[in-house]
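Chemist: Structure provided below as structure tokens; questions to follow.
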Amino acid sequence: MIKRTFGDVKEELRRVAGQTGLVVDDDRLRIAVNLAQERLCTLGEWPYQYARIKFRQRGGVVALPTQYEAIVHSAINRQPVEVQPPWFEFLEHGPGPYQKNEWCNYGADLGESPVYVQPGPGGAAVTVRATIGSETGAVTVIGHDLNQLAQQVEYALPDSSSGHLWSRITQVIKPVTAGDVVLSLTDEFGTETVSGDYRARDRSPSFRLYRFTAIADDQSKMVDAIVRRRYQDIAADSDELFVTNLNALRLGVKAVALLDKGEIADSEAAFAAAAQILRDEASHYRARRTPAPVNVTRVAAMTERTDIF
């Protein structure tokens, strides 16, 4: 599939938006494109929404980087492992709250978290460091202290820490930065652990956490995974579009403009037409092939059997 930036298609989308009466200044057009992309991503499963990643994991908890939303398929040491939904443990035939059982082999969805390691029982102090020394602004950490009182502390970039002890972190808010930002926890024994690695465009980041029962706390295993990318708005001309099909984007922007005018039926029709374009594109991208023939060993008919007794 063709990769496109917002700058590559801006003028064509401006023309389409203008025909529908939409105000076509850069900010309004960018908002319309973001709304169109977000809606189109919910109308199907398109190839560019997925990526394949491979990593070595120590211990059973996996934290996806913030640019990925969910694990769809996984294999550990080349053995497929089924990833279960968040409620699997509490279904009638589920295993109940997670326990280390030898018989089970699955990935349990633990949901979203602003950090991939929470402070231990004795609490932990937070240190925030930017990978680029010229960063400005501040990272806001929200959570609870050792007395379970709500707290909100700002950590100035590029490097700052405080003696404030946290028992749990519930949200991290950061500005758009030039490089990554790393959040570390220092426990009561002075051990520092990386608890969050945030990308430049993250604002209110979160990680999707999974626990794989096939990886013990003291083991390291290779994990292959098909993951769904997390949707992210475009903010500049150089940003890569999430939906790259120009014809689908044209219809999507038109649908947003029609919705703004209150023409809901026409807007839904335009979104449906855009989704059909994406389905056709996905079908060609996946290159349907004739299934391989299945060879079946010939079984003798009843009249051809020779009794052995």
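The values are calculated or read from the model by the stated rules, or taken from the named source; none is laboratory data. Predicted model, so just to flag it, every value in this text is computed and none were measured. Cβ sites come from the backbone with ideal geometry, for glycine too, and all protein chains shown count toward neighbours.
Chemist: Quick one: which residue in D159, D202 is in contact with a strand residue (DSSP E or B) (Cβ under 7 Å, 6 or more places away or on another chain) and of a type in the set (D, E)?
Modeler: Just a single option satisfies the conditions, and that option is D159.
Chemist: Got a number for residues in the range 252-275 being in contact (Cβ under 8 Å) with a residue 60 or more places away in the chain, closer than 19 Å to R15 by Cβ and of a type in the set (A, V, I, L, M)?
Modeler: 6
Chemist: Sort through R211, R201 and tell me the only one that's out of contact with any Lys or Arg (no Cβ under 8 Å at 6 or more places or on another chain), surrounded by 15 or more Cβ atoms within 10 Å (Cβ to Cβ) and under 30 Å from Q37 (Cα atoms).
Modeler: Only one candidate passes the filter, namely R201.
Chemist: Continuing with the same structure: Exactly one of these conditions fails for E12: (1) modelled with pLDDT of 90 or more; (2) under 29 Å from S113 (Cα atoms); (3) not polar (S, T, N, Q). Give me its number.
Modeler: Evaluating E12 over (1) modelled with pLDDT of 90 or more; (2) under 29 Å from S113 (Cα atoms); (3) not polar (S, T, N, Q) leaves (2) as the failure.
Chemist: Still on this structure, please answer the following. For the range 181-196, which positions are over 12 Å from P114 (Cβ atoms) and assigned to a strand (DSSP E or B)?
Modeler: V181, V182, S184, L185, T186, D187, E192, T193, V194
Chemist: From E135, E89, grab the single residue that is surrounded by 14 or more Cβ atoms within 10 Å (Cβ to Cβ) and modelled with pLDDT of 90 or more.
Modeler: E135 is the lone residue from the list that is surrounded by 14 or more Cβ atoms within 10 Å (Cβ to Cβ) and modelled with pLDDT of 90 or more.
Chemist: Moving on. Of all residues in the range 109-144, which are over 12 Å from V182 (Cβ atoms) and touching a Lys or Arg at 6+ places or on another chain (Cβ under 9 Å)?
Modeler: Those that are over 12 Å from V182 (Cβ atoms) and touching a Lys or Arg at 6+ places or on another chain (Cβ under 9 Å): D109, L110, G111, E112, S113, Q118, P119, G137, A138, T140, G143, H144.
Chemist: Here is a list: Q148, Q152, Q171. Which entry is surrounded by fewer than 18 Cβ atoms within 10 Å (Cβ to Cβ), polar (S, T, N, Q) and touching a Pro at 6+ places or on another chain (Cβ under 6 Å)? Show your work before the answer.
Modeler: On the way: Q148 fails: touching a Pro at 6+ places or on another chain (Cβ under 6 Å); Q152 fails: touching a Pro at 6+ places or on another chain (Cβ under 6 Å).
Selected residue: Q171, the only one of Q148, Q152, Q171 that is surrounded by fewer than 18 Cβ atoms within 10 Å (Cβ to Cβ), polar (S, T, N, Q) and touching a Pro at 6+ places or on another chain (Cβ under 6 Å).
Chemist: Quick check: anything in the range 143-151 in contact (Cβ under 8 Å) with a residue 12 or more places away in the chain, in contact with a strand residue (DSSP E or B) (Cβ under 6 Å, 6 or more places away or on another chain) and among the acidic types (D, E)?
Modeler: Scanning the range 143-151 turns up at least one residue that is in contact (Cβ under 8 Å) with a residue 12 or more places away in the chain, in contact with a strand residue (DSSP E or B) (Cβ under 6 Å, 6 or more places away or on another chain) and among the acidic types (D, E).
Chemist: Can you tell which of A248, A236, A282 is under 30 Å from F55 (Cβ atoms), touching a residue at least 40 places away in the same chain (Cβ under 8 Å) and assigned to a helix (DSSP H, G or I)?
Modeler: It is A282.
Chemist: May I pose another question? State all residues of the range 174-215 that are of a type in the set (D, E) and closer than 19 Å to A70 by Cβ; if no residue qualifies, say none.
Modeler: D197, D202
Chemist: While we're on this one: Has the range 105-127 got at least one residue that is at pLDDT 90 or above, surrounded by fewer than 18 Cβ atoms within 10 Å (Cβ to Cβ) and of a type in the set (V, I, T)?
Modeler: no
Chemist: Give the residue, chosen from L251, L259, that is at negative phi, more than 23 Å from the chain's Cα centre (by Cα) and surrounded by fewer than 20 Cβ atoms within 10 Å (Cβ to Cβ).
Modeler: L259
Chemist: Can you tell me which condition V176 does not meet? The list is (1) within 30 Å of G18 (Cβ to Cβ); (2) in contact (Cβ under 8 Å) with a residue 40 or more places away in the chain; (3) in the same structural domain as A138 (by TED's automatic domain parsing); (4) surrounded by 16 or more Cβ atoms within 10 Å (Cβ to Cβ), and all the others hold.
Modeler: All conditions pass for V176, except number (4).
Chemist: Give Y210, Y155 a once-over and let me know the one that is under 30 Å from P86 (Cα atoms) and not in a loop (DSSP other than H, G, I, E, B).
Modeler: Values: Y155 fails: under 30 Å from P86 (Cα atoms).
Criteria check complete, one pass: Y210.
Chemist: So L35 ticks every box in (1) touching a residue at least 12 places away in the same chain (Cβ under 8 Å); (2) hydrophobic (A, V, I, L, M, F, W, C); (3) over 14 Å from V243 (Cβ atoms) but one. Which box is left unticked?
Modeler: (3)
Chemist: Another question, then. Being β-branched (V, I, T) and surrounded by fewer than 21 Cβ atoms within 10 Å (Cβ to Cβ) is the filter; apply it to the range 179-198 and report the residue that is nearest to S74 (Cα to Cα).
Modeler: Within the range 179-198, the match that is nearest to S74 (Cα to Cα) is V194.
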